[in-house]
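Data block below; observations after.
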Amino acid sequence: MINVSIYEDNQRLSDLLMLLLENTEGFQVVGIHTDCTLVVNDMEKEVPDVIVMDIDMPNSNGIEGVLAVKKVKPAVKVLMHTVFNDERLFECLRHGADGYILKKDSSTMLVAAIRDLMNGGAPMSPEIATLVLKAFRQPTTNEYHLTEREKEILELLTHGNSYKMIAAECFISTDTVRRHLQNIYLKLQVQSAPEAVAKALRERLVK
C-alpha cells in the first residue's frame, strides 16, 4: 500500500485527487492539506510514502514545503503537481523534489508517476522534459570527469527513467545502474537522484 498525502488549496481538485487515489488499487490517502505550514508535523502523524504537492498555496507554498520535507524526511518522495512550467521547476528540483508533473496532464499520469517514484524513477510531464532538454543544449566542460556511460545514465535519470528503464535502455543490470549512480553521486558531490538531477539541470552537465 502506498500512503499519499496531498497538499492542494483547491478543494475541488483535492477532492478529485483523493477520489482517484482511493479508488486505485494499492493507494491510500492519509492526509489532505491546503498549505505547507505544518508539513513536518503532518508527516509525523500521517507517515506518507509520497507527497503530492502544489506550488502556489497560501501561507507556506510548495517550494518551501519540499525544502522542509527533505530536511527532515529525505526518504519521503515529493511529487510536484502544479500549473507552473517556468523557473519554479528548477527551484523545486534544487530543493529535492523527486518528480514534476502538470495538472493538465491526465489522471492516469499522476498514478503512474507515483508508482514510478516508488520504483526509483524521477517522473516528469512531457512538457517539463522538453524544458529540461532545452536546458541541456549548450555544451559544457566535463569538470566532474564523468565517463560517457555515466553521462548517458545521468541524462536518462533526468528524463524521469527508473533504474529498470535505464538498465533496459543501456543493456545493463539494475545493479550496474546503481553502481554507476553511486559513482555519479560521488563525482557530483550529491547524496541522491533528485540532487543529481537538479545539479545536472543547473550546470548543464548533459548535452
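The values are calculated or read from the model by the stated rules, or taken from the named source; none is laboratory data. If you're wondering where the values come from, they're calculated on a predicted model, not measured in any experiment. Backbone-built Cβ (ideal geometry, glycine too); neighbour counts: all protein chains shown. SASA here: full protein model, heavy atoms, side chains in, ligands and nucleic acids out. Shrake-Rupley method; radii C 1.70, N 1.55, O 1.52, S 1.80 Å.
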Filtered residues of segment 50-77 (kept if under 13 Å from the mean Cα position of the chain (by Cα) and open to solvent by 30 Å² or more (accessible area, probe 1.4 Å)): Leu67, Lys70, Pro74, Ala75, Lys77
Per-region count, segment 160-182, residues β-branched (Val, Ile, Thr) and touching a Lys or Arg at 6+ places or on another chain (Cβ under 8 Å): 1
The listed residue being under 20 Å from Ile32 (Cβ atoms) and either outside any loop (DSSP other than H, G, I, E, B) or at pLDDT 90 or above (or both), out of Ala113, Ala135: Ala113
Count of residues meeting criterion [in contact with a Pro (Cβ under 7 Å, 6 or more places away or on another chain) and among the hydrophobic types (A, V, I, L, M, F, W, C)] in segment 24-59: 1
Enumerated helices (runs of 4 or more DSSP H) restricted to segment 1-105, each holding at least 2 residues that are in contact (Cβ under 8 Å) with a residue 24 or more places away in the chain and under 19 Å from Gly121 (Cβ atoms): 62-72, 88-94
Yes/no for Leu131 being within 17 Å of Glu195 (Cβ to Cβ) and open to solvent by less than 60 Å² (accessible area, probe 1.4 Å): no
Residue match in segment 79-87 (condition: open to solvent by less than 50 Å² (accessible area, probe 1.4 Å), over 21 Å from Glu25 (Cα atoms), in contact with a Gly (Cβ under 8 Å, 6 or more places away or on another chain) and among the polar types (S, T, N, Q)): yes
